[in-house]
Amino acid sequence: VLKLYLDCDTGVDDAVALAYLLASPVDLVGIGTCNGNTSAVQAARNTLGLLQLADKSDIPVAIGEGAFGRGAATVHGDNGVGGVVLPSGGAADPRSAVELLKDLARAHSGELHILITGPCTNVAQALSEMPEISGMVASVTVMGGAVRIPGNVTPRSEANIHDDPAAAAAVLGAGWPVTLVPLDVTMQHRLSVADQAALRAGGTLLHEAVADMLSTYFDFYEPELGVREVPVHDAVAAGVAVGELTPSDAPQLALRVDLEGALSEDASAPSSVRAVLALDRPAGPVILRRILGLA
Ligand code: BDR
Ligand code: CA
């Protein structure tokens, strides 16, 4: 089974992605948290709480490096998970997220897959401390960017790239196989209030907690979308990373990240990445069924 390191800024849709991965046939060998939707410390608390609800506290969770910046309390609530009170969970791993990732890359050399659902800070730091890691990792999937549509933080930039553009540029340009899952595709794949009700009825504490935190996310997206639906960006990226979601349009694009965090096509960019622009079927039902254990 696929060995996966998740780097996240947990976050409502990060939580959906985590619930999806915990129900998938993957070996989640470690989780690092980064500053983004909330602080790396709070993201670790959220992650540890979710793992506790899933009875998966054996998965190491390590806190990431870097300074906390913008945050996204209006999108994800003050605690990152829509105000839902999670159990305190186990202790964070004593290593930093960067150390954890480097250790996992050595332990699973050639086999480790990386999924980034927050800013690329930790993974870029690991690349700078251990450049050979780019040849030791099987694949890198990044939820981020807005290639051919407007961004969600500025008209040109998407949150994960915006919050650490230099890190994103380093990860996209490292020469390892990167799949980018931008807003172009994630905005199209959503959960509805009916899906929330199905999740709540799923029968576990994790289902209930994730269903509850979606309410804050609906509140944020409803005025923009005109319907009570939410794009589950990070869970879409998770589905692509583990191969359950199949792209129908995934061109190899030369992309450049600028200091504002805008990511644009530029033929002279130093490297190219595969950008998933469309999927072959709606991801929402796939993600929901998997989380509910029906897949
Ligand atoms: C991304 O930004 C965060 O707010 C979400 O968790 C997702 O990773 C979407 O732009
Ligand atoms: Ca995220």
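We did not get these values from a lab; they are worked out from the coordinates using the rules stated. Just so we're clear, the structure is a prediction, and the values are computed from it rather than from any experiment. Positions of Cβ are backbone-derived with ideal geometry, glycine not excepted, and every protein chain shown enters the neighbour counts.
Contact order for the chain, expressed relative to its length and based on alpha carbon pairs under 8 Å spaced 6+ residues apart, stands at 20 percent. What residue among S271, Q196, Y221 has its Cα farthest toward the positive end of the dipole of the chain, where the charges are +1 on Lys, Arg and -1 on Asp, Glu, each on the Cβ? Projecting each Cα onto the dipole axis, the largest value belongs to Q196. When the chain is described by a simple charge dipole with +1 on each Lys and Arg Cβ and -1 on each Asp and Glu Cβ, the residue from V16, G89, G293 located farthest towards its positive end is G293. Summarising the strand pairing of the chain, around 30 percent of its internal DSSP beta bridges are antiparallel. Placing unit charges on the Cβ atoms only, positive for Lys and Arg and negative for Asp and Glu, gives the chain a dipole magnitude near 360 debye about its Cα centre. When the Cα gyration tensor is reduced to axis lengths a ≥ b ≥ c, the ratio a/c stays below 1.5 for the chain, which is therefore classed as rounded.
Relative contact order of segment 55-189: 23 percent, from C-alpha pairs under 8 Å at least 6 residues apart in sequence.
Separation of segment 254-295 and segment 42-112, taken as the distance between their Cα centroids, equals 22 angstrom.
In segment 50-103, if the dipole is taken from +1 on Lys/Arg beta carbons and -1 on Asp/Glu beta carbons about the Cα centre, which of N79, L101, P60 is farthest to the positive end? Positive-end residue among those listed: N79. Based on Cα contacts under 8 Å between residues 6+ apart, segment 187-295 shows a relative contact order of 27 percent.
This model, with +1 at the C-beta of Lys and Arg and -1 at the C-beta of Asp and Glu, gives segment 204-274 a dipole about its Cα centre of some 280 debye. The protection proxy used here, the mean number of other Cβ atoms lying within 10 Å of each residue, ranks peptides 21-29, 69-77 as follows, highest first: 21-29, 69-77.
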